[in-house]
Amino acid sequence: MVNDATETNLEQERDRAESYVIFRLGGEGYALEVMRVQEVLDVQSMTEVPGGSKSLLGVINLRGHVVPVYDLRIPFGLVANANPSKSPSVLIVETEAGNDSRVTGLVVDRVSDVLEFSPEEMQPSPQLGLGKATPFVRGLIRHQDAFLLVLDVDRVFSALSRLNGEGA
């Protein structure tokens, strides 16, 4: 029989756990808070934008709204995947730019799971050693025999804005 104190602790632990979308990009595992992801789509037909930055793959029509789709490999300094084994996925993510809320697509190699982790499971990210992804990672979570890099999506979008010449 489980005593009431243990049961209460387990419930508190579950309440504090955060859900993360787990995805792969360039051979690495990443985690992004579920609250930031509206949905996951298979790559559909995209309309290219002439003169757009190389990180902007195009725009898609999402239920009547024009949504820009960016290649997450560009700010991370990864080489384009010439022949992906599976078609990539698009994470539809909501970003906050000042008082403005925008919906944007991020192309990743594949989305694998949604998992829950408690805040104690996140470790601070090292200041060096993650290559160009370093400024975009806000922590590491041990999962199975490796680490998941927890993405700071706001930093990713400010870098994409700079790449697109949209100011700071």
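What is the set of long-range amide H partners of Ser112 at a cut-off below 5 Å, with H atoms built 1.01 Å from backbone N?
Ile22, Phe23, Arg24
What is the distance, in nm, between label points placed 7 Å from the Cα along the Cα-to-Cβ direction at Val79 and at Glu18?
Label-label distance for Val79 and Glu18, simple model: 3.4 nm.
If I take every Cα pair under 8 Å that is 6 or more residues apart in segment 18-163, average their sequence separation and divide by the length, what percent do I get for the relative contact order?
28
Counting Lys +1, Arg +1, Asp -1, Glu -1, what net charge surrounds Met35 among other residues with beta carbon under 11 Å of its beta carbon?
-2
With N set to the number of residues, divide the alpha-carbon radius of gyration of segment 18-163 by 2.2 N^0.38 Å and report two decimals.
Computed over Cα atoms of segment 18-163, the ratio equals 1.02.
Amide H neighbours of Gly29 under 5 Å, at least 5 residues apart or on other chains, H built in the peptide plane: list them.
Correct list: Leu149.
Using 0.36 nm per residue of separation minus the Cα-Cα distance, give me the extension gain between Gln38 and Lys54 in nm, one decimal.
Here the answer is 3.3 nm.
Each value in this text was obtained by applying a stated rule to the coordinates, not by laboratory testing. Because the structure is a prediction, the values reported are computed rather than measured. Heads up, the Cβs are rebuilt from the backbone with ideal geometry, glycines too, and the neighbour counts pull from every protein chain shown.
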